[in-house]
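Novice: Would you mind keeping the following structure in view while I ask a few things?
The values are calculated or read from the model by the stated rules, or taken from the named source; none is laboratory data. As the structure is a computational prediction, the values presented were derived from the model and not from experiment. All Cβ positions, glycine included, derive from the backbone under ideal geometry; neighbour counts span all protein chains shown. Only protein heavy atoms, including side chains, enter the accessible area calculation; ligands, DNA and RNA are left aside. Shrake-Rupley method; radii C 1.70, N 1.55, O 1.52, S 1.80 Å.
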Amino acid sequence: MNAVREWLKRASSVAILTGAGVSAESGVPTFRGNNGLWRQRRAEDLATPDAFARDPQLVWEWYNWRRAVLAEAKPNPGHYALAELEKRSSNFTLITQNVDGLHELAGSDNVLRLHGSIWRVRCLECGQERFDRRIPFPEIPPKCECGGMLRPGVVWFGEALPQDVWLAAEKAARSADLFLVVGTSAVVYPAAGLAQIAKSSGARVVEINIAETQLSDQIDEFLQGPSGELLPQLIA
Ligand code: BV8
Ligand code: ZN
């Protein structure tokens, strides 16, 4: 921990990749943890264009349920520590796979949302995309003013990440001299590949997780523990 604190103090550019683990202590179920299922279905089976085309009602029921859970969720000390770290750093980029909006709620300013936001919707007809925080929606699937069907403003499996966001994340990983990977099982690509990009560009890579992941043997330091405890300690 002390070595990482030193690296953090000396780093001229820091980039952070977060996953569902940073929201776990806010009471948000992770995707692949033991409570990662919903009606016995996995995220990989529901978060896809095919699942939505086949049964938009079911997919929207899942998102409605997640939005209702998230509406009660508050940022935890880990989210606040990252927001604080951003304020202290001259060159800092927060990249998240999470769609829950808790980093923004905790005060993080420029968050690169690789997988979109569960609070945004996009119309399949007119393409209009906007925030929509209604819980629950008056009807599901929700409809656009134009009458078209709305979809969640997230990136599904098999869909490309928003190009500009991905390029900014890649650039941040390349230029970071310290790269933190926090609360992700590192199984979803291309997001998980950012750690390798950072490492091959000369960054020190530090992982914070309650358990080892596929990245753990390729990185410089593994801090085992809940991010809600370790992140505040790191910046103390
Ligand atoms: C793409 C948004 C190409 C939706 C998500 C076959 C067919 C099609 C695609 C593929 C394929 N094989 C591989 C792929 C690529 C695929 C992929 O990686 N699949 C995986 C499953 C193998 N990727 C894609 O499809 C991506 N797109 O490749 O496009 C392309 C290119 C050009 C043109 C067209 C197409 C898109 C991926 C985005 C999918 N969307 N979410 C929604 O949320 O509803 S991914 C979903 O998983 C979430 O975003 C989540 O964040 C993400 C990753 O999961 P984690 O965040 O890591 O969460 P997880 O539960 O897994 O782990 C939690 C971790 O926290 C654990 O390690 C745990 O130990 C730890 N933890 C728990 N508590 C704590 C903690 N740590 C610290 N403290 C704690 N307290
Ligand atoms: Zn529309």
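Novice: Note down the magnitude of the dipole of the chain about its Cα centre, charges +1 on Lys and Arg C-beta and -1 on Asp and Glu C-beta and zero elsewhere, to the nearest 20 debye. Kindly include the intermediate steps, with their values, before the conclusion.
Specialist: On the way: 25 positive and 28 negative charges, 49 e Å.
Using Cβ point charges on Lys, Arg, Asp and Glu, the chain gives about 240 debye.
Novice: Next up: Could you run the Debye sum over the Cα atoms of region 62-197, one equal point scatterer each and no solvent, and tell me log10 of I(q)/I(0) at q = 0.09, 0.19 Å⁻¹, two decimals?
Specialist: Treating every Cα as an identical point scatterer, log10 I(q)/I(0) equals -0.30, -1.19.
Novice: Under the 0.36 nm per residue contour assumption, what length would be gained going from the current alpha-carbon distance of Asp55 and Ile135 to full extension?
Specialist: Extending this stretch completely gives an extra 26.8 nm.
Novice: If you don't mind, there's one more thing I want to ask. What would the Debye equation give as log₁₀ I(q)/I(0) for region 1-63 at q = 0.27, 0.28, 0.30 Å⁻¹, counting only Cα atoms as equal point scatterers?
Specialist: -1.13, -1.15, -1.18
Novice: While we're looking at this one, here's another question. For region 101-176, which trypsin sites (Lys or Arg not before Pro) are in a loop by DSSP, counting at most 15 other Cβ atoms within 10 Å?
Specialist: Numbers: sites: Arg113, Arg120, Arg122, Arg130, Arg133, Arg134, Lys143, Lys171, Arg174; in loops: Arg133, Arg134.
Passing both the DSSP loop test and the Cβ count: Arg133, Arg134.
Novice: Can you tell which of Trp119, Ser108, Ser89 lies farthest toward the positive end of the dipole of region 86-129, using +1 and -1 charges on the Cβ of basic and acidic side chains (Lys, Arg; Asp, Glu)?
Specialist: Ser89
Novice: Here's a follow-up. Compare the Cα positions of Val59, Ala47, Asn35 along the charge dipole of region 1-71 (+1 at Cβ of Lys, Arg; -1 at Cβ of Asp, Glu; about the Cα centre) and return the one farthest towards the positive end.
Specialist: Asn35
Novice: Scan region 57-90 for chymotrypsin sites (Phe, Trp or Tyr not before Pro) in coil per DSSP, keeping those whose Cβ has at most 13 other Cβ atoms within 10 Å, and list them by number. Don't skip to the answer; put the middle values down first.
Specialist: Working: sites: Trp60, Trp62, Tyr63, Trp65, Tyr80; in loops: none.
Sites meeting the loop and neighbour criteria: none at all.
Novice: Something else about it: Once Rh is set to the Kirkwood radius over Cα pairs, what Stokes-Einstein translational diffusion coefficient, in µm²/s, holds for the chain at a temperature of 37 °C and a viscosity of 0.692 mPa s?
Specialist: Using the Kirkwood radius from Cα pairs, D works out to 179 µm²/s.
Novice: Viscosity 1.567 mPa s, temperature 4 °C: Stokes-Einstein D of region 140-189 from its Kirkwood Cα radius, in µm² per second?
Specialist: Working: Rh = 14.2 Å.
My calculation gives 91 µm²/s for D.
Novice: Is there a quick way to get the dipole size of region 1-116? I mean about its Cα centre, with the Cβ of Lys and Arg at +1 and of Asp and Glu at -1; what is the value in debye to the nearest 20?
Specialist: Charge dipole of region 1-116: 240 debye, to the nearest 20.
Novice: Find how many whole Å separate the alpha carbon centroid of region 91-170 from the alpha carbon centroid of region 210-227.
Specialist: A separation of 28 Å, based on Cα centres.
Novice: Between Trp65 and Ser201, what length comes free when the chain is fully extended (0.36 nm per residue of separation minus the Cα-Cα distance, one decimal in nm)?
Specialist: Gain on extension, Trp65 to Ser201, equals 44.9 nm.
Novice: For the chain, what % of the accessible area comes from carbon and sulfur atoms, probe 1.4 Å? Intermediate results must be reported in sequence, preceding the final value.
Specialist: On the way: 5530 of 10930 Å².
Summing carbon and sulfur atoms, their accessible area is 51 percent of the total for the chain.
Novice: So how much accessible area does Glu221 have, in Å² to the nearest 10, using a 1.4 Å probe?
Specialist: 50
Novice: To continue, here is another question. Can you work out the PRE-style zone for Lys171? Point 7 Å along Cα to Cβ, and I want the residues of region 73-102 with backbone N under 18 Å.
Specialist: Only 90-96 fall inside the zone, counting backbone N under 18 Å.
Novice: Between Leu37 and Phe222, what is the spin-label point distance in nm, taking each point 7 Å from the Cα along the Cα→C-beta axis?
Specialist: Spacing of the two 7 Å Cα→Cβ label points: 2.7 nm.
Novice: For the chain, set up a Gaussian network in which alpha carbons nearer than 10 Å are linked by springs, and say which option among Ser117, Ser90, Ser13 fluctuates the most.
Specialist: Largest GNM mean-square fluctuation: Ser90.
Novice: Please work out the Cα center distance from region 183-206 to region 23-81, rounded to the nearest Å.
Specialist: Here the answer is 23 Å between Cα centres.
Novice: Can you tell me the FRET efficiency between Thr48 and Glu72 if r is taken as the Cβ-Cβ distance and R0 is 22 Å, rounded to the nearest 0.05?
Specialist: The computed FRET efficiency comes out at 0.25.
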